[in-house]
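Notes follow once the structure below has been shown.
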Amino acid sequence: MESSDELAVRLTNLSREQFWNVYEEFEWPEALDPERYQMQAELCSLYGTELWEDMTEEQRKRLSLYEIGNFFSLTLQGERPLVAGLSDRLYSKKVSSEATEYLHHFIDEENKHMIMFGIFLNKYLGKVYPEKKISLGREYGKGEEEVAFFCKVLVVEELGDYYNVKMMLDDSIEPIVKRINWVHHRDESRHLGFGRRHLTELAEHWLPQWSDETKKGFSDWLGQYVRSSWADFYNPTMYKDAGLEKPYDVRKMALAHPATAEHRAKASKKLLNIFLRLGLLEALPAM
Ligand SMILES: [Fe+2]
Ligand SMILES: [Fe+2]
């Protein structure tokens, strides 16, 4: 099997071959087509609920605009600490020199993603939804902070990629949205390859040194972190912007609905299986 340094070199070469200019990559339309879905209907947070069934096609399409706005905002807000954490690791003992070289591209690409999402959000929604996640602050034992950082990277990238892959080939949604999902996935497939491998090595290094108590504490935190990441998809401000009444009740209803729980379990399957396989999660958290 390819070593992680060999992988980093290969990914660096790929990033250089596919180097792109965020200011030339897109033709931004003047306005989005209100006749189209923006977020794919099946990915909208209320899909499968009675409320969704009761909505008119026009209301659903209106919601889909704010849903894509929320999804792009979540991704952008997740990329900010990701870039901060990755740049902290450049030229440090935490990563090899081959990995440092690749991290320059990882950071460059994430910075371009934030520009791309930022342009879309400011142009068509007039805003970026602020970050809501409560920080699950905790005391870290040896190696825990490093493992936790790369777990968070994988959560934002794996969940986002599930949505990107569903939308990047969908001709029924707005073409610029399809294109953004495609461009994002193109870079993310490399980031995910690096992230999975790096986390595997960190887990193999640190887990044998952790007590059962530390492992249990970490697993509980990780399950909670995944759940709180999902809760952000049910943003009351987004429901309010879409013209829905009692947006906090809508969020509560949607999060508790079996149809959405099924969606979250399906979309998290790959991510949770990685955590289980590495021993970072002791059991599947309730979705
Ligand atoms: Fe990204
Ligand atoms: Fe990424």
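The values are calculated or read from the model by the stated rules, or taken from the named source; none is laboratory data. Remember, it's a predicted structure, so these values are computed and weren't measured experimentally. Because the Cβ atoms are built from the backbone with ideal geometry, glycine has one as well, and the counts that use them run over all protein chains shown.
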Could you give every pair whose Cβ atoms fall below 8 Å, whose first residue belongs to region 108-128 and is closer than 18 Å to residue 164 by Cα and more than 16 Å from ligand 2 (Cβ to nearest atom), and whose second residue is part of a helix (DSSP H, G or I) and of a type in the set (Asp, Glu), counting only separations of at least 6 or pairs across chains? none
Condition set within 15 Å of ligand 2 (Cβ to nearest atom) and over 24 Å from residue 222 (Cα atoms), scope region 152-173, selection nearest to the chain's Cα centre (by Cα): answer is 165
For region 234-263, name all the residues that are buried (at least 18 other Cβ atoms within 10 Å of the Cβ) and within 27 Å of residue 216 (Cα to Cα). 263
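For (1) touching a Leu at 6+ places or on another chain (Cβ under 7 Å); (2) more than 13 Å from ligand 2 (Cβ to nearest atom); (3) not aromatic (Phe, Trp, Tyr), each residue gets a yes or a no:
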site	(1), (2), (3)
61	no, yes, yes
71	no, yes, no
85	no, no, yes
90	yes, yes, yes
93	no, yes, yes
100	yes, yes, yes
Given (1) outside any helix (DSSP H, G or I); (2) under 18 Å from residue 247 (Cβ atoms); (3) not basic (Lys, Arg), number of the condition residue 64 does not satisfy: (1)
Among the residues of region 1-43, how many are over 30 Å from residue 63 (Cβ atoms) and hydrophobic (A, V, I, L, M, F, W, C)? 8
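Conditions tested, residue by residue: (1) surrounded by fewer than 20 Cβ atoms within 10 Å (Cβ to Cβ); (2) of a type outside the set (Ser, Thr, Tyr); (3) outside any helix (DSSP H, G or I).
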{"site": "11", "(1), (2), (3)": "no, yes, no"}
{"site": "30", "(1), (2), (3)": "yes, yes, yes"}
{"site": "34", "(1), (2), (3)": "yes, yes, yes"}
{"site": "45", "(1), (2), (3)": "no, no, yes"}
If we keep only residues of region 129-151 that are in contact with a helix residue (DSSP H, G or I) (Cβ under 7 Å, 6 or more places away or on another chain), more than 14 Å from residue 205 (Cβ to Cβ) and of a type in the set (D, E, K, R), then the residue modelled with the lowest pLDDT is 133
Within region 116-132, residues over 15 Å from residue 78 (Cβ atoms) and either part of a helix (DSSP H, G or I) or not small (Gly, Ala, Ser) (or both) come out as 119, 120, 122, 123, 124, 125, 127
